Every structure is written in C-alpha cells, then in structure tokens.
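Taking it in order: structure first as structure tokens, then the write-up.
The values are calculated or read from the model by the stated rules, or taken from the named source; none is laboratory data. Here the structure is a predicted model, which is why all the values come from computation and not from measurement. All Cβ positions, glycine included, derive from the backbone under ideal geometry; neighbour counts span all protein chains shown. Heavy atoms of the whole protein, side chains included, go into the accessibility calculation; ligands, DNA and RNA do not. Shrake-Rupley method; radii C 1.70, N 1.55, O 1.52, S 1.80 Å.
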Amino acid sequence: MATQKASDSKKEEFRKYLEKSGVIDALTKVLVGLYEEPERPANAVDYVKRYMGASAAGDSEALKRENDELKQELEEVKQQLEEM
C-alpha cells in the first residue's frame with residue numbers, strides 16, 4: 001500500500017512537471033493537428049517531429065557543414081589579425 005502511494009506520488013509529481021513546462025499543451029496541440037488533418041500522413045512520427053519544429057536530417061547536416069566552415073573562416077581571420 002505504501003509503495004503504491006509513493007508510486008502515485010511520483011506519477012503526480014511528474015505530471016505536474018510536464019504540465020508546468022508546457023509539454024502537455026504542446027503534445028495536445030500536435031495531436032489535435034494530426035487528428036484534424038484531412039488526409040492522414042503516411043508517417044505520423046515525421047508529422048509530429050515537423051510540427052514540433054525538429055529539423056530534418058539534411059537540415060542538420062547542412063548546418064553542421066556551415067558551422068565547420070564558419071569555424072575555419074574564424075580561425076583564418078584570427079591568424080590574419082595576429083599577423084597585423
């Protein structure tokens with residue numbers, strides 16, 4: 001009985017955390033959006049990711065390349081500055 005109360009207390013604490021941080025509202029909105037879609041998407045997980053703002057794999061790879069290029073450019077500019 002005591003272990004069930006502890007478990008229920010943990011669940012309630014976690015639920016409050018999710019509610020306070022906005023996770024429940026965000027998930028509700030994405031699920032309502034999916035429900036209201038006139039045509040069900042072939043991949044519901046991709047729909048949720050896109051709706052929640054997750055970037056596609058190609059987007060993140062392009063950003064990583066751009067970041068690497070900018071880091072190298074920064075190093076070159078630092079070297080030029082030191083030479084002055």
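What to note about this one:
- Test result for Ala26, aliphatic (A, V, I, L, M) and in a loop (DSSP other than H, G, I, E, B): no
- Of Ala6, Ala44, all but one fail to be small (Gly, Ala, Ser) and in contact with a helix residue (DSSP H, G or I) (Cβ under 7 Å, 6 or more places away or on another chain); the exception is Ala44.
- Just so you know, in the range 43-57 the residues that are surrounded by 10 or more Cβ atoms within 10 Å (Cβ to Cβ), under 20 Å from Ile24 (Cβ atoms) and not charged (D, E, K, R) include one that is modelled with the lowest pLDDT, and it is Ala54.
- Exactly one residue out of Ser60, Ser9 is open to solvent by less than 90 Å² (accessible area, probe 1.4 Å), assigned to a helix (DSSP H, G or I), out of contact with any strand residue (DSSP E or B) (no Cβ under 6 Å at 6 or more places or on another chain) and modelled with pLDDT of 85 or more, and it is Ser9.
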